[in-house]
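Undergrad: Supplied in structure tokens, the structure appears directly below.
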Amino acid sequence: SGVCSMTESFEGHYPIESRLGEIERLHIQGASMAPETENMLDFIGVGEGWFCLDIGCGPKGITDILSKRVGSKGRVVGLDMNAAFLDHARALADDNTEFQLGDAYSSNLSPDSFDLVHMRFVASTAGDVDRLLLEAIRLTRPGGVVALQEPDASSLNCYPPHPAWDKLKSALIGAFSGVGADLQLASRLYWEMKQTPLEGVQFRPFIVGVRSNDEMVDYLPSTVESLRTTVIELGLIDEPELAGALTECRAHLAKPETSFTMYTVAQVWGTKAGERAVQS
């Protein structure tokens, strides 16, 4: 799931194209963040018997991680607007997991239904954080938890520096900002969630580091490839320059001494007032 390939847009802000390789890119991104997702779920206390919702799950999101935690007595629902991604997710899912086509802002799911409602890279791309949070809180049962993971792209930097990296980073940030997305949402996400009725709001940022032999090494070039139409249409870079930058950046990232840091991800979560009923 969850800058950049964040999730499917719910109001047309999401500029990522459904190209060959996009599902693989999302799976690699999700795997790179899985350890930190597990840490967040440990802090929250997600366990046996929980009912969990992953909004904007794409072709998997964190549904597989949640499925293992909640066990046979628990239930996981993945919600997304991309039917092809959901078909892919269903083919790999465990028996305690189901997927529904739906809108993050106004799903048809019942209120007070879930012990955990999670979103990764939804608010930053889809926009209107207040509405998303209101819907997430509506779906959470009293004593349950709303958890978001959102990016700040300012830490997306490589060393040694390289002009091709800088071109692709500018294209990525420009493409998202050009359609109204906010790749700095992480910096104010704690503040945003403190404005809601959620209690005990927690704040935990992390950064993934990447080297030439890590699966995430192609993150920036592959993401910009998935943004190609928007990048070209906005005039951020022309086709020949883009092709050259992709080639040069990949060559630079393949060098064993090159490394880069991903965007900073802020994990922020809080509890809906009331007592959490134990599932029977």
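Undergrad: Within region 246-280, work out how many residues are assigned to a loop (DSSP other than H, G, I, E, B), among the β-branched types (Val, Ile, Thr) and within 26 Å of the chain's Cα centre (by Cα). Quick ask: steps written out before the conclusion?
TA: Restricting attention to region 246-280, the residues satisfying the condition of being assigned to a loop (DSSP other than H, G, I, E, B) are 254-258, 262-263, 272-280.
Narrowing the set further to residues that are among the β-branched types (Val, Ile, Thr) leaves 258, 278.
Going one step further and asking which of them are within 26 Å of the chain's Cα centre (by Cα), we end up with 258.
So the answer is 1.
Undergrad: Still on this structure: So which residues in region 109-125 are buried (at least 24 other Cβ atoms within 10 Å of the Cβ) and at positive phi, if there are any at all?
TA: PHE121
Undergrad: With the structure loaded, tell me whether LEU132 is touching a Phe, Trp or Tyr at 6+ places or on another chain (Cβ under 7 Å), outside any strand (DSSP E or B) and surrounded by 22 or more Cβ atoms within 10 Å (Cβ to Cβ) or whether it fails that test.
TA: Working: touching a Phe, Trp or Tyr at 6+ places or on another chain (Cβ under 7 Å): yes; outside any strand (DSSP E or B): yes; surrounded by 22 or more Cβ atoms within 10 Å (Cβ to Cβ): yes.
It is true that LEU132 is touching a Phe, Trp or Tyr at 6+ places or on another chain (Cβ under 7 Å), outside any strand (DSSP E or B) and surrounded by 22 or more Cβ atoms within 10 Å (Cβ to Cβ).
Undergrad: What residue, of ARG90, ARG69, is out of contact with any Ser or Thr (no Cβ under 9 Å at 6 or more places or on another chain) and either farther than 15 Å from ARG120 by Cβ or surrounded by fewer than 18 Cβ atoms within 10 Å (Cβ to Cβ) (or both)? Can you show your working first?
TA: Numbers: ARG90 fails: out of contact with any Ser or Thr (no Cβ under 9 Å at 6 or more places or on another chain).
Just one listed residue meets the conditions, ARG69.
Undergrad: I'm checking my understanding of the structure. Among residues of region 178-227 that are in a helix (DSSP H, G or I) and open to solvent by 70 Å² or more (accessible area, probe 1.4 Å), which one is nearest to GLU257 (Cα to Cα)?
TA: Let us first name the residues in region 178-227 that are in a helix (DSSP H, G or I), namely 178, 186-194, 215-226.
Remaining after also requiring open to solvent by 70 Å² or more (accessible area, probe 1.4 Å): 187-188, 190-191, 194, 215.
Details: SER187: 30, ARG188: 34, TYR190: 35, TRP191: 38, LYS194: 42, GLU215: 16 Å.
Looking at residues that are in a helix (DSSP H, G or I) and open to solvent by 70 Å² or more (accessible area, probe 1.4 Å), I get GLU215.
Table: residues versus (1) within 25 Å of VAL224 (Cβ to Cβ); (2) modelled with pLDDT of 95 or more; (3) in a helix (DSSP H, G or I).
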{"residue": "GLY12", "(1), (2), (3)": "yes, no, no"}
{"residue": "ARG25", "(1), (2), (3)": "yes, no, yes"}
{"residue": "PRO59", "(1), (2), (3)": "yes, no, no"}
{"residue": "LYS68", "(1), (2), (3)": "no, yes, yes"}
{"residue": "TYR105", "(1), (2), (3)": "no, no, no"}
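Undergrad: Another question, then. Exactly one of these conditions fails for PHE85: (1) of a type outside the set (S, T, N, Q); (2) out of contact with any strand residue (DSSP E or B) (no Cβ under 8 Å at 6 or more places or on another chain); (3) surrounded by fewer than 18 Cβ atoms within 10 Å (Cβ to Cβ); (4) not in a loop (DSSP other than H, G, I, E, B). Give me its number.
TA: (3)
Undergrad: Is it true that LEU172 is touching a helix residue (DSSP H, G or I) at 6+ places or on another chain (Cβ under 8 Å), assigned to a helix (DSSP H, G or I) and either over 30 Å from GLU241 (Cβ atoms) or open to solvent by 10 Å² or more (accessible area, probe 1.4 Å) (or both)? Explain how you work it out, then say what you get.
TA: Numbers: touching a helix residue (DSSP H, G or I) at 6+ places or on another chain (Cβ under 8 Å): yes; assigned to a helix (DSSP H, G or I): yes; either over 30 Å from GLU241 (Cβ atoms) or open to solvent by 10 Å² or more (accessible area, probe 1.4 Å) (or both): no.
No.
Undergrad: Spot the failing condition for PRO163; the list is (1) closer than 19 Å to TYR263 by Cβ; (2) open to solvent by 40 Å² or more (accessible area, probe 1.4 Å), and only one is missed.
TA: The number of the failed condition is (1).
Undergrad: What number goes with the only condition from (1) closer than 24 Å to MET33 by Cα; (2) in a helix (DSSP H, G or I) that ALA243 does not pass?
TA: (1)
Undergrad: Hey, PHE99 hits all of (1) surrounded by fewer than 24 Cβ atoms within 10 Å (Cβ to Cβ); (2) in contact with a helix residue (DSSP H, G or I) (Cβ under 6 Å, 6 or more places away or on another chain) but one; which does it fall short on?
TA: Condition (1) is where PHE99 drops out.
Undergrad: Filter region 26-63 down to the residues that are buried (at least 21 other Cβ atoms within 10 Å of the Cβ) and of a type in the set (D, E, K, R), then identify the one that is farthest from PHE114 (Cα to Cα).
TA: Per the criteria, the residue is LYS60.
Undergrad: For region 146-159, state whether one or more residues are under 19 Å from the mean Cα position of the chain (by Cα), open to solvent by 10 Å² or more (accessible area, probe 1.4 Å) and closer than 24 Å to LYS60 by Cα.
TA: There is at least one residue in region 146-159 that is under 19 Å from the mean Cα position of the chain (by Cα), open to solvent by 10 Å² or more (accessible area, probe 1.4 Å) and closer than 24 Å to LYS60 by Cα.
The values are calculated or read from the model by the stated rules, or taken from the named source; none is laboratory data. What you see is a predicted model; the values in this text were computed from it and never measured. Glycine gets a Cβ as well: all are built from the backbone with ideal geometry, and neighbour counts include every protein chain shown. To get the accessible areas, we keep the full protein, side chains included, count just its heavy atoms, and leave off ligands, DNA and RNA. Shrake-Rupley method; radii C 1.70, N 1.55, O 1.52, S 1.80 Å.
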